[in-house]
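**Student:** The structure under discussion is supplied below as structure tokens; questions concerning it will follow.
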Amino acid sequence: MKYVISILGASFFTLLITTHASANCPGGMVAQGTNCVADHKEKTAAADSNFDVLGGIMDTSKKEINVKEAIDGNVKNALESAEYKAWEQGSWEFFQASSKAKKGEYCTALFNKQGNIVALMGPGGSYKGALLAFSNLADTANGGGKFPIPEKPGTIELTLYQNADQPAKVKAFHWDLGQEDLVGDEKPLIVFAVPTIEAALETMEEKINFRLEYNGDIIEQVEWHSGQMAKQKLLACLKGN
């Protein structure tokens with residue numbers, strides 16, 4: 001399926017994000033103009049509870065990074081294992097991001113390549129839209145650096161690149177799923193609101209290369225593969241299967 005291109009040349013995925021008029025937002029977020037922004041009154045409590053399973057998946061990924069560093073170059077069998085190859089080449093995980101989710105809610109497809117994460121999440125609770133989320137756990141696990149870790153929830157302005165399409169400056173929600181004030185537990189997320197999961201699914205190509213630029217630095221770059229398989233898995237979850 002060819003991408004739908006705006007007059008500025010932005011891809012359909014980018015167009016969905018930049019033109020979305022938010023009627024409602026996920027827990028921990030409120031509508032402000034065309035964006036979902038942090039609800040500072042509720043802080044991150046609602047957001048964290050809605051994505052507790054996602055937080056657990058991110059914890060597992062961070063542990064895998066540490067194990068990889070420990071065995072790299074030392075244990076040949078480990079490096080040749082199916083698990084290690086999946087981590088190195090990138091693989092998908094499918095789950096409901098909240099432990100309180102009903103059938104068909106919070107359906108998530110998460111692609112992880114060496115700690116570089118992109119996830120597409122469906123509606124849940126009162127939120128009827130979709131979310132496109134990014135994290136760079138490899139960066140945070142190695143002491144941090146380029147991928148920003150927020151001191152409090154808020155918004156962040158950055159440039160989104162998708163494949164060879166024209167880049168677009170966009171605003172996203174920015175929060176940390178890690179435990180507050182616990183050093184080493186950082187799980188930062190940059191999250192874009194998408195109007196509907198159906199619109200997001202229409203954009204799922206077999207391969208998509210995403211890059212996020214912040215303050216002149218590429219803070220995240222990840223290319224997913226097997227997008228059609230992931231799309232079918234998401235559809236099954238959304239139907240309650």
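Any read-out appearing in this document is the output of simple, stated calculations on the displayed coordinates, not a laboratory observation. Every value quoted in this text rests on a predicted model; they were computed, and no experiment measured them. All Cβ positions, even for glycine, are placed from backbone atoms using ideal geometry, and neighbour counts span all protein chains on display.
**Student:** I need Ile117, Ile218 ordered by Cβ neighbour count within 10 Å, fewest first.
**Tutor:** So the ranking, lowest neighbour count to highest, is Ile218, Ile117.
**Student:** Another question, then. Which length gain, in nm to one decimal place, applies between Lys100 and Lys128 when the Cα-Cα distance is subtracted from 0.36 nm times their residue separation?
**Tutor:** This chain segment gains 8.5 nm when fully extended.
**Student:** If Lys and Arg each add +1 and Asp and Glu each add -1, what is the summed charge of the other residues whose beta carbon sits under 12 Å from the beta carbon of Leu158?
**Tutor:** Numbers: positive: Lys146, Lys169, Lys171, Arg211; negative: Glu157, Glu213, Asp217, Glu220.
Taking every Cβ under 12 Å from that of Leu158, the sum is 0.
**Student:** How would Ile149, Ile190, Ile208 line up from fewest to most surrounding beta-carbon atoms within 10 angstrom?
**Tutor:** Ranked by crowding around the Cβ, least crowded first: Ile149, Ile208, Ile190.
**Student:** Further question on the same structure: Taking amide H positions as placed 1.01 Å from N in the peptide plane, with prolines and chain starts having none, which residues 5 or more places from Gly178, or on another chain, fall under 5 Å of its amide H?
**Tutor:** Lys187
**Student:** Amide H to amide H, which residues 5 or more places from Glu223 or on other chains are under 5 Å from it, using H placed in the peptide plane?
**Tutor:** Phe210
**Student:** OK, next. For the pairs Lys100/Lys169; Lys113/Lys146; Lys100/Lys146; Lys113/Lys171, flag any whose C-alpha to C-alpha distance is greater than 27 Å.
**Tutor:** Exceeds cut-off: Lys100/Lys169; Lys100/Lys146.
**Student:** Right, another one. How much length is gained on full extension from Asn215 to Glu198, taking 0.36 nm per residue of separation minus their Cα-Cα distance?
**Tutor:** Gain on extension, Asn215 to Glu198, equals 2.9 nm.
**Student:** Could you list which residues have their amide H under 5 Å from that of Gly104, counting only those 5 or more apart in sequence or on another chain, with H placed in the peptide plane?
**Tutor:** Gly240
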